[in-house]
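A.B. asks: My questions all concern the structure below.
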Amino acid sequence: MATRDKSIWILIVFILSGLVIGGLIGKLASNVPWLWWLSYEQQFGLNNPLVLDLSVLQLTFGLIFKINVASIIGMLSAIFIYRKV
């Protein structure tokens, strides 16, 4: 479960942090004319949620990923920092 005394859970936290911080930077960069390319994003997933109706219980499933260039850079930076720390 641990690779070289490093936990995989710490790597996951680093990656998620990089994605969130990169996504925020991408949103902020959309207002800067020469950094517009950082905010270019792609969306994929379930646009219409799946509904499972069991009469007594109703479950709704939905998942959408929005990823932009800055979040990819943030994720790669987080992996690099994880390896160095």
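What follows is calculated from the coordinates using simple rules that are stated; it is not laboratory data. Just so we're clear, the structure is a prediction, and the values are computed from it rather than from any experiment. For neighbour counting, all protein chains shown are included, and Cβ atoms are generated from backbone atoms with ideal geometry for every residue, glycine included.
A.B. asks: Can you give me the relative contact order of the stretch 2-84 as a percent, contacts being Cα pairs under 8 Å and 6 or more apart?
C.D. replies: For the stretch 2-84, the relative contact order is 40 percent.
A.B. asks: Here's another thing I want to ask about it. Would you calculate a helix-derived [θ] at 222 nm for the chain, using -39,500 (n - 2.57) for each DSSP H run of n ≥ 4 and dividing by the full residue count, to the nearest 500?
C.D. replies: About -15500 deg cm²/dmol.
A.B. asks: OK, next. For Cα Rg over 2.2 N^0.38 Å, one of (i) 1.47; (ii) 1.07; (iii) 1.01 was computed from the structure I shared and the rest are decoys. Which label?
C.D. replies: Checking each listed value against the structure points to (i).
A.B. asks: What is the spin-label model distance, in nm, from K84 to K27 if the labels are put 7 Å beyond Cα along the C-beta direction?
C.D. replies: About 2.7 nm, to one decimal.
A.B. asks: With only Lys, Arg, Asp and Glu charged, each at its Cβ (+1 for the first two, -1 for the last two), find how big the charge dipole of the chain is about the Cα centre; round to the nearest 20 debye.
C.D. replies: The calculated dipole for the chain is roughly 380 debye.
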